[in-house]
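*Asks:* One structure coming up, written as structure tokens, with questions to follow.
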Amino acid sequence: MFFVLEVGSRYAHILGTTTNPDGGRTTQQIRNLVMDLGDRVDEFRFLIRDRAGQFAASFDAVLADVAIKTVKIPPRCPRANCYAERFVLTARSELTDRMLILSQRHLHTVLAEYVQHYNGRRPHRSRRLRPPRPTYPVANLNSQRIKRQRLLGGLINEYERAA
């Protein structure tokens, strides 16, 4: 899984999944992200990444063109990229450890639904139990009837006031 996490807001972007990542693929995916960000790209100054072989010089060049500095973490030092490590742990414990993934297409579908939940409805402790970009007002669970919406076959539940 190739992803970018906005540290300030905890907003996650899933850029792709593949069993054999290479330099050309990661470069194209970061180009796509830069295009998707549009004017917001000016809000970012750094991209912290590991030293994996799929990050070619062209990957860093794409980011340098939009004034984003690439920072490589030291070898064998996962704490230097703690936000990414925490996202991976969360996705594993809430999703992939509890579900049998049947194919790459299935993984892509499941990740897309999970990231939509993660960004729009899942509470984040560092954000006072608010999601990065709420898609719905936070439910007041103290009054009226509550409606539960099941995601991913009931693996995750979202709650809101019933109409």
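*Asks:* Filter the range 44-63 down to residues that are assigned to a loop (DSSP other than H, G, I, E, B) and within 17 Å of Gly23 (Cα to Cα), then give me how many there are. Break it down stepwise before answering.
*Replies:* Restricting attention to the range 44-63, the residues satisfying the condition of being assigned to a loop (DSSP other than H, G, I, E, B) are 44-45, 50-56.
From what's left, within 17 Å of Gly23 (Cα to Cα): 50-56.
Residues flagged as assigned to a loop (DSSP other than H, G, I, E, B) and within 17 Å of Gly23 (Cα to Cα) within the range 44-63 amount to 7.
Here's the yes/no breakdown for (1) under 26 Å from Pro131 (Cα atoms); (2) modelled with pLDDT of 95 or more:
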position: Met1; (1), (2): yes, no
position: Gly23; (1), (2): no, no
position: Met35; (1), (2): yes, yes
position: Phe59; (1), (2): no, yes
position: Val66; (1), (2): no, yes
position: Pro74; (1), (2): no, no
position: Cys77; (1), (2): no, no
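*Asks:* Can you spot a residue in the range 44-57 that is surrounded by 14 or more Cβ atoms within 10 Å (Cβ to Cβ), over 20 Å from Ala91 (Cβ atoms) and among the acidic types (Asp, Glu)? So that I can check it myself, show each step before the final result.
*Replies:* First, the residues of the range 44-57 that are surrounded by 14 or more Cβ atoms within 10 Å (Cβ to Cβ): 44, 47-50, 54-56.
Now restrict to residues that are over 20 Å from Ala91 (Cβ atoms): 44, 55-56.
Now narrow it down to the ones that are among the acidic types (Asp, Glu): none.
No, the range 44-57 contains no residue that is surrounded by 14 or more Cβ atoms within 10 Å (Cβ to Cβ), over 20 Å from Ala91 (Cβ atoms) and among the acidic types (Asp, Glu).
*Asks:* Can I ask one more? Just checking: which of the strands (runs of 3 or more DSSP E) contained wholly in the range 64-163 hold 3 or more residues that are free of Cβ contacts under 8 Å to residues at least 12 places away in the same chain, among the charged types (D, E, K, R) and surrounded by fewer than 12 Cβ atoms within 10 Å (Cβ to Cβ)?
*Replies:* Numbers: elements: 69-72, 146-151, 156-161.
Ranges flagged: none.
*Asks:* For residues that are among the charged types (D, E, K, R), loosely packed, with under 14 Cβ neighbours inside 10 Å and part of a helix (DSSP H, G or I), tally how many sit in the range 19-43. Steps first, please.
*Replies:* If we filter the range 19-43 for residues that are among the charged types (D, E, K, R), which is where we start, we get 22, 25, 31, 36, 39-40, 42-43.
Narrowing further to those that are loosely packed, with under 14 Cβ neighbours inside 10 Å: 22, 36, 39-40, 42-43.
Restricting the remaining residues to those that are part of a helix (DSSP H, G or I) gives 36, 39-40, 42-43.
Adding up the residues that qualify gives 5.
*Asks:* Looking at (1) modelled with pLDDT of 90 or more; (2) within 15 Å of Phe2 (Cβ to Cβ), which is the only condition Gly53 fails?
*Replies:* For Gly53, the failing item is (1).
*Asks:* Take the range 30-71 and flag every residue that is under 17 Å from Tyr11 (Cα atoms) and not hydrophobic (A, V, I, L, M, F, W, C).
*Replies:* Asn32, Asp36, Gly38, Asp39, Arg40, Asp42, Glu43, Arg45, Arg49
The values are calculated or read from the model by the stated rules, or taken from the named source; none is laboratory data. It should be emphasised that the depicted structure is a prediction, and the values quoted were computed from it without experimental measurement. With ideal geometry, Cβ positions are generated from the backbone for all residues, glycine too; neighbour counts draw on all protein chains shown.
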